[in-house]
């Protein structure tokens, strides 16, 4: 990925704008964001519970009063 202010050698032209279709899709997905995040949290909880007895794997800690949407669930070895 690059900034629009910096040219990438051998790649021309640089177009970092999203089109109307991506904007329309994003607008619809924003309306469903809470539902999507709840699904991700539920799936992450199920996965972490299923792997809780594996001592070599630990997961990120979420501070009290905060929540994580687990858009990328990464286990730490």
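Figure legend. Inter-residue proximity from the stretch 45-74: first residues over 22 Å from residue 33 (Cβ atoms), second residues modelled with pLDDT under 90 and not in a loop (DSSP other than H, G, I, E, B), beta-carbon distance below 6 Å, spacing 6+ or different chains. Indicated pairs: 58/76.
Would a scan of the stretch 18-27 turn up a residue that is modelled with pLDDT under 90 and surrounded by 10 or more Cβ atoms within 10 Å (Cβ to Cβ)? Show your work before the answer.
First, the residues of the stretch 18-27 that are modelled with pLDDT under 90: 18-19.
The next check asks that each one be surrounded by 10 or more Cβ atoms within 10 Å (Cβ to Cβ); those that pass are 18.
Yes, the conditions are met somewhere in the stretch 18-27.
With respect to the conditions (1) loosely packed, with under 12 Cβ neighbours inside 10 Å; (2) in contact (Cβ under 8 Å) with a residue 12 or more places away in the chain, residue 40 falls short on a single one, namely (1).
Results for (1) modelled with pLDDT of 90 or more; (2) touching a strand residue (DSSP E or B) at 6+ places or on another chain (Cβ under 9 Å); (3) surrounded by 10 or more Cβ atoms within 10 Å (Cβ to Cβ), shown as yes or no for each residue.
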{"residue": "56", "(1), (2), (3)": "yes, no, no"}
{"residue": "59", "(1), (2), (3)": "no, yes, yes"}
{"residue": "63", "(1), (2), (3)": "yes, no, no"}
{"residue": "69", "(1), (2), (3)": "no, no, yes"}
{"residue": "74", "(1), (2), (3)": "no, no, no"}
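The values are calculated or read from the model by the stated rules, or taken from the named source; none is laboratory data. Since the structure is predicted, the reported quantities are computational estimates derived from the model, not experimental observations. No Cβ is skipped: glycine too gets one built from the backbone with ideal geometry, and neighbour counts run over all protein chains shown.
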